[in-house]
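Read through the structure below, which is laid out as structure tokens, and then see the notes.
The values are calculated or read from the model by the stated rules, or taken from the named source; none is laboratory data. Everything quoted here is computed from the prediction, not taken from an experiment. In this analysis, Cβ positions are derived from the backbone assuming ideal geometry, glycine residues included, and neighbour counts consider all displayed protein chains.
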Amino acid sequence: MATSQDQTNRARALWLTCLASAFRTALACTIVAITTLYGPPSLRHQVALPAFSYVTVILIAPDATLGDTIRGFWLALYATIQSVGPAILSLWLIGPARLSSSTTALAVGLAAFVAVLPGEATHLVSKRIALGQIVLVYVIAFIKGGSTDAIMHPVHVAASTAVGVLACVLALLVPFPRLACREVKQNSKLLVENASERLKLFVKAFCAEDNASALASISQTKSLASTATKLFQTIKRHQESMQWERLPLQFLRDSNVNPGDRLQGLEIPLKGMEMALRSTPSFPVGVVDGELKSGLLKLIEEQLSLNRSILCEDAITVPESKPEIDIRCLQTLQTIPQTHQDLPPFFFLFCTSLLLGNLSATSSGTTAQDKLVIHQKQEAVTSSKQSVIWSNLSMKVSSKRVMAAFKCSISLGLAVFFGLIFSKENGYWSGLPVAISFAAAREATFKVANVKAQGTVLGTVYGVFGCFLFQRVLPIRLLSLIPWFIFTSFLQRSKMYGQAGGISAVIGAVLILGRTNFGAPSEFAIARITETFIGLSSSIIVELLLQPTRACTLAKVQLSRTLGALHDCIDSVSLQSGRAQLEDNQKCLKIHVEELGRLIAEADVEPNFWFFPFHSDCYGKLIGSISKMMELLVFSGHAIGVLEQNSQLLEGSWKGLMHTMECDLELFKKMVGSLISCFKEITLIESVTVLQKERLDDQESAKSCNLELGKQQILNAFRVCGLEDEEMDKIVSSYLLHSKEVVDKIHRQQSKELKGQTVLCLSALGFCISGLIRATREIEEGIKELVQWENPSSHVNLYEISCKMHALQP
């Protein structure tokens, strides 16, 4: 019943969101229509290009908040200065009468290169508006020839843009402004409720008396986790909009507070709790006695009430008088488990303490939520510094920005050139779709071009059909756009069309139904579809010529880089070195995993043509296993960080106590890290057959491998792939045995809280080690499947391949 109700609520929320977006977009287009069709003659004379007014609305208005619109206003102003200003000077110097098809295409290409060259310093919306203005200024100047006023024509383009922007601003204020801060607050409230429900289900599963009850509770959290991800994405998307709303709305200080920042730290512990429950071999859990169960349920109730107070109507912040949550029941565990099967319950309690914010050695002068906020702010500062470093690095590597600008310049220039050759009077329709759909990052070329073409055809056909039914009644023609706006709002959220296809469909209908005196609708539709095809074809050709490397090839290379980053993370797991280096490597790994996911998604929709098919299922399993290892490394970092803090309160030398466990970690890193390093090299091989031909004799290869690098070292690494449960027990059991010795050496007079934290952290680190070994097994199976897929006629043995590769090295 809860799942059905949740699905109903999500469907209702989706409908309301799409209806609101459609209403404001329709209102903005109506304002443009009234201004350009019924406004004063002097104003209509200035707004000579109402089509671009509609295009500007579509670029800014859909699903926008007031902050988005304010930002769009300034972006449009910047784009106009960037494009229209130089255009006035160039047209005045050259003279519109001297333009030809080739010189017009050249002028458009050069202006586009200058507009795109700043790279990430310029917002994508600003680039699209600027590119659209460039196409209209130069192409229409060529079409009209000597009758074009070199100064007023660019001014008319700027005025058309201004009408669209102002229409968006007015539409976002009626009947009341849609504030990003309100959206964030509402979604944060839903997120609190979502996290509270998941937390209750996890605790219910942990305290379950049988496997069936536990699995039933765990399964209920799947849809809730998916909803939480979408809520986080919505909150993140509105972050920048809130910054733009703060300046004009200083009196709404409470509305601009972002409670979502407090809730980012909830997701990691919840994922860990789910991971622990799925790893628990059977229920009921042995460590859960009556006292721990009642204490845990009480803790959860206190945490839920604290979470609700975060987003209450009258107080955004947590009251300072709120007492710290009592977690004494979690410190009753004073002994280390002896087998890896007993680790999941301890890891669950570790994540519970992490969620409650009490798992640290800081003073009790701050509340649990304040500790969580401090930690999140520290992570935000570190993330900000990292983004600045990466931004500076990208600015220094100017070749990427130059290449992106060059591709856009050539694409737009060719689109305009061939469009003018095909039809001089409709030539700008070939360049305009390329301009307004410019993408700064690499994208799936054929899929995006396909959905753009389909969206253009859908919207144009709808527009022609609407003109056929309501040709003489303009107001009804405008009203007929409302159901199309609603339909395309859903279209933009679909996997089939996405934003590119939805925007193309909207523009296709608006340009026909929202204007007059453009000729017969059917002729205009055919001309525009043809010109759009010319523009998209030019864009595809340029992408293939200047970006010939296929996404599947890039995904393969990125997989190797990601495995290299994973190896660095595993190699930095150390109790003596602390958490700092591990955290830095984790951030690098996260960047690589995100890039790998993007390339896999692009390669999955890339057409095969005459190439070998992309094994998306195998890549999906690999990135899933790598992501799991990344999460386990995050928990390892948390455990090491707490142990590092608490070491200052322990008697004796902490490094001396940690020495034996550090030896276990070194053995773990040597085996798993060496294996990951071998995988990194294996993923880059072109063909097993070619590799075999390079060594005439397999025995000589094995001998060479043994002499040069030591066959035993590689063999020890690959033994992890075939580890039996007994052998894995030896690795983890040795660590647990030495952990028990460390805990026993803690003085009896020391705090039970400190000893309990040490037990939880050491047990959590043991669970992570066990999970990393299992995930390495999964990666080994995935790599073997991938290599076998790429070499169907060869027998794949990763150990033999690794030996031959090392033997071939100088």
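Here's the yes/no breakdown for (1) closer than 17 Å to A51 by Cβ; (2) of a type in the set (A, V, I, L, M, F, W, C):
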position	(1), (2)
E425	yes, no
V434	yes, yes
E443	no, no
A449	no, yes
V457	no, yes
L469	no, yes
I476	no, yes
L479	no, yes
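List the residue pairs whose Cβ atoms are under 9 Å apart, where the first residue sits in region 588-611 and is closer than 19 Å to P548 by Cβ and not assigned by TED's automatic domain parsing to the domain that holds L566, the second is in a helix (DSSP H, G or I) and of a type in the set (A, V, I, L, M), and the two are 6 or more positions apart or on different chains.
Here the result reads none, with nothing in region 588-611 linked to a residue that is in a helix (DSSP H, G or I) and of a type in the set (A, V, I, L, M).
Hey, D210 hits all of (1) at pLDDT 85 or above; (2) crowded, with 20+ Cβ neighbours inside 10 Å but one; which does it fall short on?
D210 satisfies every listed condition except (2).
From the set of residues in region 483-497 that are under 19 Å from the mean Cα position of the chain (by Cα) and surrounded by 18 or more Cβ atoms within 10 Å (Cβ to Cβ), which is nearest to R128 (Cα to Cα)?
Out of the qualifying residues, it is Q492.
Across region 540-583, what is the number of residues that are more than 30 Å from V742 (Cα to Cα), touching a helix residue (DSSP H, G or I) at 6+ places or on another chain (Cβ under 7 Å) and free of Cβ contacts under 8 Å to residues at least 24 places away in the same chain?
0
Do you know which of the residues in region 586-605 that are farther than 20 Å from L632 by Cβ and among the hydrophobic types (A, V, I, L, M, F, W, C) is surrounded by the most Cβ atoms within 10 Å (Cβ to Cβ)?
Of everything passing the filter in region 586-605, L599 is surrounded by the most Cβ atoms within 10 Å (Cβ to Cβ).
Select from region 35-54 the residues that are of a type outside the set (A, V, I, L, M, F, W, C) and touching a residue at least 40 places away in the same chain (Cβ under 8 Å) and list them in ascending order. Spell out how you get there, then give the answer.
Let us first name the residues in region 35-54 that are of a type outside the set (A, V, I, L, M, F, W, C), namely 35-36, 38-42, 44-46, 50, 53-54.
T35, T36, Q46, P50, S53, Y54, listed by residue number.
Under 8 Å between Cβ atoms, at least 6 apart or on separate chains: pull out the pairs that start in region 22-34 with a residue that is outside the structural domain of R493 (by TED's automatic domain parsing) and part of a helix (DSSP H, G or I) and end on any residue that is surrounded by fewer than 22 Cβ atoms within 10 Å (Cβ to Cβ) and not basic (K, R).
From region 22-34, no pairs qualify.
Just checking, does region 129-145 include any residue being surrounded by fewer than 21 Cβ atoms within 10 Å (Cβ to Cβ) and of a type in the set (S, T, N, Q)?
Within region 129-145 (the criterion being surrounded by fewer than 21 Cβ atoms within 10 Å (Cβ to Cβ) and of a type in the set (S, T, N, Q)), the answer is no, since none of the residues qualifies.
Please determine whether any residue of region 107-117 is more than 28 Å from D149 (Cβ to Cβ) and either of a type outside the set (A, V, I, L, M) or touching a helix residue (DSSP H, G or I) at 6+ places or on another chain (Cβ under 9 Å) (or both).
Step one: filter region 107-117 for residues more than 28 Å from D149 (Cβ to Cβ), giving 117.
Next, from what is left, pick out any that are either of a type outside the set (A, V, I, L, M) or touching a helix residue (DSSP H, G or I) at 6+ places or on another chain (Cβ under 9 Å) (or both): 117.
Within region 107-117, one or more residues are more than 28 Å from D149 (Cβ to Cβ) and either of a type outside the set (A, V, I, L, M) or touching a helix residue (DSSP H, G or I) at 6+ places or on another chain (Cβ under 9 Å) (or both).
Determine the pairs where a residue that is on the phi < 0 side of the Ramachandran plot, located within region 214-234, has a partner that is not in a helix (DSSP H, G or I) with Cβ atoms under 6 Å apart, the partner being 6 or more residues away or on another chain.
Listed by first residue and then by second, the contacts come to A214/A208; A214/F283.
Among all residue pairs at least 6 apart or on different chains, which show Cβ distances below 6 Å where the first residue, located in region 762-790, is of a type in the set (D, E, K, R) and the second is modelled with pLDDT under 90?
Taking only residues 6 or more apart or on different chains, the pairs are E780/C721; K784/V796; K784/L798.
Taking the options G95, G109, G72, name whichever one is of a type outside the set (F, W, Y) and surrounded by fewer than 18 Cβ atoms within 10 Å (Cβ to Cβ). Give the derivation first.
Working: G109 fails: surrounded by fewer than 18 Cβ atoms within 10 Å (Cβ to Cβ); G72 fails: surrounded by fewer than 18 Cβ atoms within 10 Å (Cβ to Cβ).
That would be G95, the only listed residue that is of a type outside the set (F, W, Y) and surrounded by fewer than 18 Cβ atoms within 10 Å (Cβ to Cβ).
Can you find even one residue in region 446-465 that is surrounded by fewer than 18 Cβ atoms within 10 Å (Cβ to Cβ), over 30 Å from F113 (Cβ atoms) and in contact with a Cys (Cβ under 8 Å, 6 or more places away or on another chain)?
no
Output the number of residues of region 235-246 satisfying the condition of being buried (at least 18 other Cβ atoms within 10 Å of the Cβ) and free of Cβ contacts under 8 Å to residues at least 12 places away in the same chain.
Here is the first cut: in region 235-246, the ones buried (at least 18 other Cβ atoms within 10 Å of the Cβ) are 235, 238, 241-242, 244-245.
After this cut, where a residue has to be free of Cβ contacts under 8 Å to residues at least 12 places away in the same chain as well, the list is none.
So the answer is 0.
Identify the single condition in (1) in the same structural domain as V416 (by TED's automatic domain parsing); (2) over 30 Å from E425 (Cα atoms) that K144 does not satisfy, given that it satisfies every other one.
In the conditions (1) in the same structural domain as V416 (by TED's automatic domain parsing); (2) over 30 Å from E425 (Cα atoms), K144 misses (2) alone.
How many residues does region 757-810 contain that are closer than 22 Å to E741 by Cβ and of a type in the set (S, T, N, Q)?
Residues flagged as closer than 22 Å to E741 by Cβ and of a type in the set (S, T, N, Q) within region 757-810 amount to 4.
With D63, D68 as the choices, which residue is part of a helix (DSSP H, G or I) and closer than 21 Å to C29 by Cβ? Can you show your working first?
Working: D63 fails: part of a helix (DSSP H, G or I).
On inspection, the qualifying residue turns out to be D68.
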